[in-house]
1. Here is a list: ALA154, ALA133. Which entry is farther than 25 Å from LEU77 by Cα and at pLDDT 90 or above?
2. Restricting to the stretch 52-104, and then to whatever is among the hydroxyl-bearing types (Ser, Thr, Tyr) and not in a helix (DSSP H, G or I), can you tell me which residue is surrounded by the most Cβ atoms within 10 Å (Cβ to Cβ)?
3. Regarding LEU274, is this residue assigned to a loop (DSSP other than H, G, I, E, B) and touching a residue at least 24 places away in the same chain (Cβ under 8 Å)?
4. Yes or no: LEU256 within 15 Å of LEU289 (Cβ to Cβ) and surrounded by 12 or more Cβ atoms within 10 Å (Cβ to Cβ)?
5. Taking the stretch 212-235, which residues are in contact (Cβ under 8 Å) with a residue 12 or more places away in the chain, among the polar types (S, T, N, Q) and part of a helix (DSSP H, G or I)?
6. Kindly indicate whether any position in the stretch 302-320 is in a helix (DSSP H, G or I), of a type in the set (A, V, I, L, M), in contact (Cβ under 8 Å) with a residue 60 or more places away in the chain and surrounded by 17 or more Cβ atoms within 10 Å (Cβ to Cβ).
7. All but one of (1) outside any helix (DSSP H, G or I); (2) within 37 Å of the chain's Cα centre (by Cα) hold for ALA145; state the number of the condition that does not hold.
8. Determine whether GLN253 is polar (S, T, N, Q), part of a helix (DSSP H, G or I) and modelled with pLDDT of 90 or more.
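The values are calculated or read from the model by the stated rules, or taken from the named source; none is laboratory data. Keep in mind that this is a model prediction, so the values were computed, not measured. Cβ sites come from the backbone with ideal geometry, for glycine too, and all protein chains shown count toward neighbours.
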Amino acid sequence: MTRLSGGAIMHLPLLLAGMTCTLMAGVALLIETASPFMLAWVTLNLGLMAGRVLEYRWRQRRAQRGQSTPVDGVLILALLWALTLGGLGAYALIAAPPSLKLVAIGTLLVVSSSFPALCIGRPRLSVLLVLLADVPLKLAVPFQAESAYWIFVAQGPIYWLATLWFSCYLNGFAERALLGESRSRFQAEHDHLTGLHNRPGFYRRLDDLRRSIAGTLPATLYYIDLDGFKQINDRQGHEAGDALLVDVAALLQQVLRQKDIVVRWGGDEFLLLLAGASEFLASDIAERLLVAAKALDKIYPGVGMSIGIAREADLRQLDAEHLVKLIDRADAALYQAKRAGKGRYRHAG
């Protein structure tokens, strides 16, 4: 949805390509007419291009620091550019030689026709850009002598309505495609029963987390196994077992923070990954999980959980090899907890 709401107009090379095309037409008019208006127009467009590059770099720096990246600057620069595009068309219609008139107005029409594709996800912005670029051309028609150009005025409403329809059509098509992609990705990375991350989803979330961290941050991994799950399946049936897994998933999400990663590892086993938790907090969370699990005994008699805990000093070091070792350590601690009487937690040595 972020990609949809952004649209191609947020893509710097595409926007600069359009601005360069219009700038070339403007420079040709400036050379031919030596007009102060065109000198100001070229200067303004060079400033808009520089501003777009600076704005892009500013948003990149904010994104690297994990800060929000407002797009207001992009939209304002795009609107100003569309308005200067309209000024170019109006000036060319009134004052340019026939050959350059064709070049300037042709450039205007080609570039403005691309706005619906540039603004996928923002159909109203697309129409506004087209109006800013096209209306000045229509307003300039009475100030020139060629009667044939009045057809521009007659074509205006048709062109604007077609732009609106095409923008909405592209937006709907892109929305369906992106939502379909999002659903497919969600299904590929989440357990269909509990809605928790599955193994591929866990690996991706962990990789994203590692890339977002600037400094050393400890990681705590919990390996959880349900006590009494097999008995529930045998006595009450698989539907009761599935319901138990769903309830456990909800319990884990209630106890943990939103940024923590909760994974159904397989069967009745779950993994939890916490970033930045101290050893004291890791033990406190384990105790809270065991207390919360006792509430399940009222609905599912004999059910509890055992927990193994392993820690990594630097989360950034959790590549595939280190992750396997961390999981093995947590698994070993889990079985120490089970041998101690179940319903307990143990830290890995």
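1. The unique qualifying residue is ALA154.
2. Checking each candidate, the answer is THR69.
3. Here the answer is no, as LEU274 does not meet what is asked.
4. Taking the combined requirement at face value, the residue satisfies it.
5. Hits for the stretch 212-235 are SER212, GLN231.
6. Yes, that holds for at least one residue.
7. (2)
8. Taking the combined requirement at face value, the residue does not satisfy it.
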